[in-house]
Amino acid sequence: MRIRLLIPALAIIGLLSGCAATGPDMTTYPGAVEAAQQKQAEARELGHAWNTFEPLLRQAAAANDAGDEEEAIRLANEARLHAELAIEQASEEAGAWRERASF
Amino acid sequence: MLVTPSRVAALVAALLLPMASAADPEADRKALVDSYTKRFPQIELQEYANGLYAFDADAREQWLEMEDFPPYEIAIEEGEEYFNMAFANGKGYADCFENGGVGVKQNYPYFDAEQEQVVTLELAINQCREANGEDPLPWTAGELAAISAYMAWTSRGNVIDVKVPEDVPGAMQAYEAGKQFYYTRRGQLNFACASCHKQSAGLKLRADRLSTSLGHATHWPVYRSRWGEIGTLHRRFQECNVQVRAEPFEAQSEQFRNLEYFLTYMSNGFELNGPASRR
């Protein structure tokens, strides 16, 4: 009985820990960069990427090269924020443009 | 593909698009003309083709002085030479265009039913090259811009006559996509083309006065003083995108060709007056 319960229980635990483990770790520099790049890719696919993203990522890389990981993570996360705002802009504009187009 | 809220919203909007009021380019054009002529009753219609020089007397005076020795003249001469140079296979640009490529710019861009896309004059120039075994030219300046300048020069005075045929699948969608681009806010500064060129037309943005979208497509390619050379309309599109802090699309991308399609239709009835000089 215990073994029969254990297997599905382990499966559930595996699923839950898998969910928690998806996505890059934004508390690390590589993770923050990866998360930012994923969002920028999404913004580009929507045709709304901002050109502020790449300079921020370059600044993050420079900070990382200089040994300031905290600043590098902060800048990479700021780049991610710009990409997220661009995605939000795309979502809002998908309908809003039509109101603007009325004469 | 990751399903995200923004993608769901875009899909819903795309599905709703056909349900929105039917696209009517001619009604759009008339409404745009009306909106400007009511705001600026003192400006004659064809003057809109001169952009900010229709609004700014001081800038206009400087521009007219430049027209005595136009900076785009060299590009026209070079463009004519390039245009008349034979390809390696013995053919030339004249073989690709109606009327030998002389006086044809008023028909561009057009929606090509076979290619299922908008074809601009610059795209047609490079398609001509590739069809004859030549490498395509860079899109935004140099030799291609010079050829475009020459073809614009031979078309001066011709009346823009861009068509959006209802019976050609994809044409209306391309027009609507261009219209959507024009009115869509983008970039960190959250500006649409309309923000400057419709809403704020005639007003000053820093040291420059903003031109209207009416007449925007009449005078390209342009010798811009800040470029120090002649450049194409899509180069200006890219610059505008960068100025509002958006990642620019590629020159001659589908997005920019559709935008040019919409903008040029809006200037139907205007006489072509390119190439031109601008600040």
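Bear in mind that the values in this text are calculations on the coordinates, not laboratory data. In this text the structure is predicted, and so the values were computed from the model without any measurement. Ideal geometry is used to build each Cβ from the backbone, glycine not excepted, and the neighbour counts take in all protein chains shown.
One table, with the values for the structure above:
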read-out: From the C-alpha gyration tensor of the stretch B:42-149, square roots of 5λ in Å; value: 32, 18, 11
read-out: Net lengthening on full extension, B:GLU67/B:ARG156 (0.36 nm per residue, minus Cα-Cα); value: 30.6 nm
read-out: Above-threshold pairs, the threshold being 18 Å between Cα atoms, out of B:LYS105/B:LYS163; B:LYS30/B:LYS163; A:LYS39/B:LYS179; B:LYS30/B:LYS105; value: A:LYS39/B:LYS179; B:LYS30/B:LYS105
read-out: Distance in nm between pseudo-label sites at A:GLU99 and B:LEU45 (7 Å out along the Cβ direction from Cα); value: 3.3
read-out: Gap separating the Cα centres of the stretch B:149-173 and the stretch B:59-138, nearest whole Å; value: 14
read-out: Span per principal axis, largest first, for the Cα atoms of the protein assembly as shown (Å); value: 92, 49, 48
read-out: Under 13 Å from the Cα of B:LYS91 - aspartates and glutamates, other chains or at least 8 residues apart; value: B:GLU130, B:GLU134
read-out: Cα Rg over Rh - chain B, Kirkwood; value: 0.97
read-out: Ratio Rg/Rh [Cα only; Rh per Kirkwood] for the stretch A:22-103; value: 1.12
read-out: Rg/Rg_globular for the stretch B:136-241, with Rg_globular taken as 2.2 N^0.38 Å and Rg from C-alpha atoms; value: 1.21
read-out: Those GluC sites (Glu not before Pro) in the stretch B:180-279 that DSSP places in a loop and that have at most 13 other beta carbons within 10 Å; value: B:GLU250
